[in-house]
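As structure tokens, the structure follows; a few thoughts come after it.
The values are calculated or read from the model by the stated rules, or taken from the named source; none is laboratory data. It should be emphasised that the depicted structure is a prediction, and the values quoted were computed from it without experimental measurement. Here the Cβ is made from the backbone with ideal geometry for all residues, glycine too, and neighbour counts use every protein chain on show.
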Amino acid sequence: MKVLLVILLLAVSAVGQTPLGGHLDEVRLDVAQPMITTVSAMRVRKAPQVTADEVQRLKLGTVVQIIARSSTQDTIGGKTDYWYRVNLPNGETGWLFGGLLVDYSARQRQQLLRQIIEAHLKSENTDFADRQEIYDLAASSIDDAKDVSTRAELELLKLLALANWAGAFPDNLRDKSPYREWRKTHDSEVIPNEFGGGYDLRSELLWKLESKYHTLAIADRIAWEAAQNPQPSDCEGDEVCHLFLLEGEIKYLSLHPNGAHATEAVKDLNETLTDEVIKEANDNGGDKYVVEQRTELRKTLAALRIALAKTSAPEKADLLKKLGRISR
């Protein structure tokens, strides 16, 4: 009986054994599976649980090799998935929550990176450091682009990522490192927003990109992003000022008169060309600054007439009627 008991104990012990660094509750994979991180500063844990010690953090878009998974799933932040054990660059292993990973394929790398970047650009709950990782990923992806269309899209995402990053700039730390260095590095690409805080991307960078890729389908989106790019302003109910803010949409119409956003642009301009704006355009006299603004307003409206001649968007007729009330 004692011999049988010893054999049973040895058998149970053998079943519970795992390779060095493994866990009793893990399922080993026959072949390592590549996956890619979809969050910034992703925590690598010593064990498959959120309370385990942190080993290190991985940057957004880091490719990892999965060698095992937990035997049961976990729910974190509304996502349910396994934990995965991965090989780390230092030769050790650690655990990542699968809800923050997606399958990776070298053939689909560019598509995956674009999807990850786009998703993060839509998120508003990211801080300055997180947005730097989005920008770094977009910037580093450009050189690997295999065709001109992909390169154009990644160059656009890089600029949008910079705009996103600039918007989170902490004004109260502007003279401290690393924010002081950031301002020096990107001074020619951004402009301070004295009214809303932070910085805004210079629209001319987007317009230059549109010109560079004007013959490609992506040019339509680039032009619209340029038209929608916010610039520092404090109109405070000044209707003429609001019209000036839509000069980008007029330029969009002139470049893409029947583009994907032509209808939206004409609608915006129709709503913004109010009776007050028309009255101001038709007035005479005033001090030097009033005359200068009126001259600029008439130039803007002349550009709008030219742009409208090329489009077939709805509300074009209504907008032309309003323009017809303005003396030339």
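Could you please let me know if Val102 is farther than 30 Å from Gln231 by Cα and surrounded by 15 or more Cβ atoms within 10 Å (Cβ to Cβ)?
no
Within the range 159-196, can you find the residues that are small (Gly, Ala, Ser), crowded, with 20+ Cβ neighbours inside 10 Å and touching a Gly at 6+ places or on another chain (Cβ under 8 Å)?
The answer is Ala166, and nothing else.
Can you name the number of the only condition in (1) at pLDDT below 95; (2) more than 30 Å from Gly197 (Cβ to Cβ) that Pro232 fails?
Tallying (1) at pLDDT below 95; (2) more than 30 Å from Gly197 (Cβ to Cβ), Pro232 fails exactly one: (2).
Considering only residues that are of a type in the set (Ser, Thr, Tyr) and at pLDDT below 50, look in the range 1-48 and name the one that is farthest from Glu92 (Cα to Cα).
Filtering first and then ranking leaves Ser13.
Checking Ile191 against (1) β-branched (Val, Ile, Thr); (2) touching a Phe, Trp or Tyr at 6+ places or on another chain (Cβ under 8 Å); (3) under 24 Å from Arg114 (Cβ atoms): exactly one of these is not met. Which one?
Evaluating Ile191 over (1) β-branched (Val, Ile, Thr); (2) touching a Phe, Trp or Tyr at 6+ places or on another chain (Cβ under 8 Å); (3) under 24 Å from Arg114 (Cβ atoms) leaves (3) as the failure.
Would you point out which residue out of Asn172, Asn164 is touching a helix residue (DSSP H, G or I) at 6+ places or on another chain (Cβ under 6 Å) and assigned by TED's automatic domain parsing to the domain that holds Gln115?
Only one candidate qualifies: Asn164.
I'd like the full set of residues that are surrounded by 12 or more Cβ atoms within 10 Å (Cβ to Cβ) and either over 15 Å from Ile326 (Cβ atoms) or not assigned by TED's automatic domain parsing to the domain that holds Lys322 (or both), limited to the range 277-292.
Result: Gly286, Val290, Val291.
Give just the number: which of (1) under 13 Å from Gln231 (Cα atoms); (2) out of contact with any strand residue (DSSP E or B) (no Cβ under 8 Å at 6 or more places or on another chain); (3) crowded, with 20+ Cβ neighbours inside 10 Å does Tyr199 not satisfy?
So the condition that Tyr199 fails would be (2).
Going through Leu100, Leu137, Leu96, Leu88 one at a time, which residue ends up being out of contact with any Asp or Glu (no Cβ under 9 Å at 6 or more places or on another chain), modelled with pLDDT of 95 or more and in the same structural domain as Glu26 (by TED's automatic domain parsing)?
Details: Leu100 fails: out of contact with any Asp or Glu (no Cβ under 9 Å at 6 or more places or on another chain); Leu137 fails: in the same structural domain as Glu26 (by TED's automatic domain parsing); Leu88 fails: modelled with pLDDT of 95 or more.
Every option except Leu96 fails the conditions.
Do any helices (runs of 4 or more DSSP H) entirely within the range 203-311 hold 1 or more residues that are of a type in the set (Phe, Trp, Tyr), and if so, which?
Result: 203-212, 218-228, 239-244, 247-255, 288-308.
Looking only at residues in the range 62-88 that are part of a strand (DSSP E or B) and small (Gly, Ala, Ser), which one is nearest to Ser140 (Cα to Cα)?
Going through the qualifying residues, I end up with Ala68.
Take the residues in the range 303-328 that are among the β-branched types (Val, Ile, Thr) and over 13 Å from Ile278 (Cβ atoms), then tell me which one is surrounded by the fewest Cβ atoms within 10 Å (Cβ to Cβ).
Per the criteria, the residue is Ile306.
Tell me, which residue of the range 27-70 that is among the basic types (Lys, Arg) and farther than 11 Å from Leu96 by Cα is surrounded by the fewest Cβ atoms within 10 Å (Cβ to Cβ)? Walk me through how you get there before you give the answer.
Step one: list which residues in the range 27-70 are among the basic types (Lys, Arg), which gives 28, 43, 45-46, 57, 59, 69.
If we keep only those that are farther than 11 Å from Leu96 by Cα as well, we get 28, 59.
Details: Arg28: 11, Lys59: 15.
For the range 27-70, the residue satisfying everything is Arg28.
Report yes if some residue within the range 92-99 is surrounded by 14 or more Cβ atoms within 10 Å (Cβ to Cβ) and under 21 Å from the mean Cα position of the chain (by Cα); otherwise report no. Steps first, answer last, please.
Residues of the range 92-99 that are surrounded by 14 or more Cβ atoms within 10 Å (Cβ to Cβ), as a first pass: 93-99.
Filter once more, so that each one left must be under 21 Å from the mean Cα position of the chain (by Cα): 99.
The answer is yes, given that some residue of the range 92-99 is surrounded by 14 or more Cβ atoms within 10 Å (Cβ to Cβ) and under 21 Å from the mean Cα position of the chain (by Cα).
Report, ordered by the first and then the second residue, all pairs with beta carbons closer than 7 Å, sequence separation of six or more or different chains, a first member in the range 35-56 that is touching a residue at least 60 places away in the same chain (Cβ under 8 Å), and a second member that is among the small types (Gly, Ala, Ser).
Going by the 7 Å Cβ cut-off, the qualifying pairs are Ile36/Gly61; Thr37/Gly61.
How many of the residues making up the range 184-202 are part of a helix (DSSP H, G or I) and touching a residue at least 12 places away in the same chain (Cβ under 8 Å)?
Count: 1.
Taking the residues in the range 248-297 that are over 35 Å from the mean Cα position of the chain (by Cα) and among the hydroxyl-bearing types (Ser, Thr, Tyr) as candidates, determine which candidate is farthest from Ala227 (Cα to Cα).
Per the stated criteria, the residue is Tyr289.
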